[in-house]
1. Distance between Cα centroids, segment 143-191 to segment 86-141: provide it in whole Å.
2. Using helices alone, I'd like the mean residue ellipticity at 222 nm for the chain: each DSSP H run of four-plus residues gives -39500 (n - 2.57), total over residue count, nearest 500.
3. Over the residues of segment 4-190, compute the C-alpha Rg and express it relative to 2.2 N^0.38 Å.
4. What helices does the chain hold that run 30 Å or longer along their axis, going by alpha-carbon atoms, with a Kyte-Doolittle average of 0.0 or more, using DSSP H for the helix calls?
5. Using Cα-Cα distances under 8 Å and only pairs 6 or more residues apart, what relative contact order does segment 70-191 have, in percent?
6. Quick one: which of 40-48, 154-162 comes out on top by average Cβ neighbours within 10 Å, and what's the full order, highest first?
Amino acid sequence: MSKFFAFLNRMKYIKRWSLMRSVREENIMEHSQQVAVIAHALALINNKVYGGNVDVKTVVLLAQYHEVGEVITGDLPTPIKYFNPEIKAAYKDLEKDASEKLINMLPDILKEEYRTYVIPDTETEEYKLVKYADRLSAYLKCVEEVKAGNSEFKKAKSTIGAELKASKCKEVEYFMKEFAPAYELTLDELD
């Protein structure tokens, strides 16, 4: 009996942004879905706007599974995760071990197929787009919180926004120009 999907179901219970008080709490499952939607957009921008040839389906699946290790480890806030190189390396090892544990819950015939997305090759263009989508998701969470009057996210919004601008990633620049401004609007303004 495989416990893999039962563990993945726990993503909806693991809260994000544990160091900052949120107006609207977000769980890892919601976050992963948003990252998948943004990553899909970045892949399409890459291919359709800039003539690239990333595998769109791979991008979406990488995004969907990008946080599965946190089912076991929980979410570690970014300031702690990246506090120093030793903590960053140790946490990456812990995430990889947790992901391996999840993979090993699958029937043998499915393990390698899932491994491709759960423990990806971090050097691929597809993976890099997912990392940008993850940062865009964090930025949009900050936009949402600041728009709702939560000043705790102001500095993070500014810092992540500057980081995204400095990335020089053309897909990110396009997304920030064409899509991000709509997140600042009210529901009435979207009509």
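Here, each number is a calculation from the coordinates, and none is a lab measurement. As the structure is a prediction and not an experimental result, all values here were calculated from the model. In this analysis, Cβ positions are derived from the backbone assuming ideal geometry, glycine residues included, and neighbour counts consider all displayed protein chains.
1. Taking the Cα centre of each part, segment 143-191 and segment 86-141 sit 25 Å apart.
2. Working: 11 runs with 119 residues, N = 191.
One gets -19000 deg cm²/dmol as the mean residue ellipticity at 222 nm.
3. Values: Rg = 16.8 Å, N = 187, 2.2 N^0.38 = 16.1 Å.
Taking N as the residue count of segment 4-190, the ratio is 1.04.
4. Working: long enough: 125-147 (33 Å, -0.53).
The qualifying helices: there are none.
5. Working: 57 pairs, mean separation 18.5, N = 122.
Result for segment 70-191 is 15 percent.
6. Values: 40-48: 19.2, 154-162: 15.0.
Top to bottom by mean Cβ count within 10 Å: 40-48, 154-162.
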